[in-house]
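Shown next, in C-alpha cells, is the structure this report addresses.
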Amino acid sequence: MRRVLLFAFALVVAGCDNQSMQQQNRYDTYAPSKLWPNGSEAQPLPAGVVAQGDLARARNAKEPPPVTNSLMRTGREDFDVFCSPCHGLAGDGDGMIVQRGFPAPPSYHTDRLRIAPASHFFDVITNGYGVMYSYAARVPPHDRWAIVAYIRALQESRYAQIAGVPRAREKMP
Amino acid sequence: MPNDRPETPGVATRAVLFTAIGFLVFIAISLVFLRVYYSEEIRQTIFVPPTPFAKPQLQTNDVADLARLQAEQRDKLSRFTWVDRERGIATIPIDEAMNRIVARGANAYAPIELNISANRPIGANGGKSR
C-alpha cells in the first residue's frame, strides 16, 4: 500500500511543472550576458564579414546582362510589379499611389531622363532617389538591369524614329 | 549437469512489470477520464469568427478605379500615333519598342539618340523634369 501511495504521489508531483514552453533556457533579444566581453547577448559582425552571395551580387551589379527577349520580359514584369504603382504602366509618373496623394515622380519621357545613362536608373533603383525609397532589398541586380532595359523600351515606345523603318508607316493611322 | 540452467536475474521482474503496466493503465484511465470530462464540459466549440472592419472610404470602388487606370495606361502602350509626321517620330506599341531595344544588341542600354523637342537641343529645359 505504501508503495502504491508513493507511486501516486510521484505521478501527481510530475504534473506540477509548467511545461508551457514559455520559460526556456535561452537569451532574449539584447539580453545581458556574461558570456561575451561586451556583456550583451547580441554580437556585432566581425570586421570584414560579408553576406553569402554578396560578391556575386556586386559582380552582377557591375556587368549589365545582354538584353535579350527574355530579359526584356522579366523587366516588363518587374516594372509592372514594383514601379508601376507610382510611375504608371507607361512611365508617365501617374500611378495609383500618386493619384492618391504620393508625390508624383517625373515622367520617363522628359529630355533629361531620356539622355540619362543606364547606370543612373540602376543607381536610383539601388539607392532610392529623393522621396523614392531603395528597391535594393526587393529587386536583385540582374532584375534591376532588366527593369532598366524595359525603361528604355518605354522611352522608345513613346518617341520612336520610324522614318527609316519599312512597313512602319503602313500601320500608322 | 547440476548447474546449467540460466541464473535468475537479480532484478525484481515483477515489480518492474507491475510499475510499467500500472503506468499504462494510469494513462489509459486518464485518457478515458479526460475524454469524458471534455465531452461533458465543452458543449460547443468556442470559435469566434474574425470580424472584418470597414475599409477607409476614400474611393467608392477601388478595384474598378485601378482597373480603369491600368486599362488607360495599357491602352497608351498599345497604339501607333504620330508625334511629328514630318520628322517621322511616332508613338509605337510597347511590344514593338521592346523588340527594337533588343535589336540594338550591345547598345541596348544606351540613351535613345532622338531629338524630340524640335526647336531646342535635348536637355535644354534647364534640368526641369517636365
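The values are calculated or read from the model by the stated rules, or taken from the named source; none is laboratory data. Only a predicted model underlies this, so the values are computations on that prediction, with no experimental measurement involved. Cβ: placed from backbone, ideal geometry, glycine included. Neighbour counts: every protein chain shown. Protein only, heavy atoms only, side chains kept; ligands, DNA and RNA dropped before computing areas. Shrake-Rupley method; radii C 1.70, N 1.55, O 1.52, S 1.80 Å.
Okay, here's what the table says:
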item	result
FRET efficiency, A:Ala47 to B:Glu86 (Cβ-Cβ, R0 51 Å, nearest 0.05)	0.20
0 to 90° range, to nearest 10: angle between helix B:13-41 axis and chain B longest Cα axis	50
Counted charge near A:Ala118, where neighbours are those whose Cβ lies closer than 13 Å (Asp, Glu -1; Lys, Arg +1)	+3
Mean residue ellipticity (222 nm) of chain A, computed from DSSP H runs ≥ 4 via -39,500 (n - 2.57), nearest 500	-12000 deg cm²/dmol
1.4 Å probe accessible area per residue over chain B, in Å²	82
Solvent-free Debye scattering, log10 I(q)/I(0), computed from the Cα coordinates of chain A at q = 0.12, 0.15, 0.17, 0.20 Å⁻¹	-0.76, -0.96, -1.08, -1.30
Contour minus Cα-Cα distance for A:Gln99 and A:Thr68 (0.36 nm per residue)	7.8 nm
FRET efficiency, 1/(1 + (r/R0)^6) with R0 22 Å, evaluated for A:Asp80 and B:Asn61 via beta carbons	0.50
Chain A - percent relative contact order, Cα under 8 Å, separation 6 or more	18
Inter-site label distance for A:Ser33 and B:Arg104 at 7 Å from Cα along Cβ, in nm	5.3
Region B:5-123: radius of gyration over Cα atoms, expressed as a fraction of 2.2 N^0.38 Å	2.98
Estimated inter-spin distance, B:Val25 and A:Arg57, nm [label 7 Å along Cα→Cβ]	6.5
In degrees, nearest ten, helix A:69-78 long axis to first principal axis of chain A (Cα)	60
Total charge dipole magnitude, chain A, about the Cα centre, Cβ charges on Lys, Arg, Asp, Glu only, Debye to nearest 20	260
Solvent-accessible surface (1.4 angstrom probe) belonging to B:Glu72, in square angstrom, nearest 10	100
Electrostatic dipole magnitude of region A:81-152 [Cβ: Lys, Arg +1; Asp, Glu -1; Cα centre; debye, to 20]	60
Cα shape, region A:62-121, gyration tensor, a/c 1.5 rule	oblate
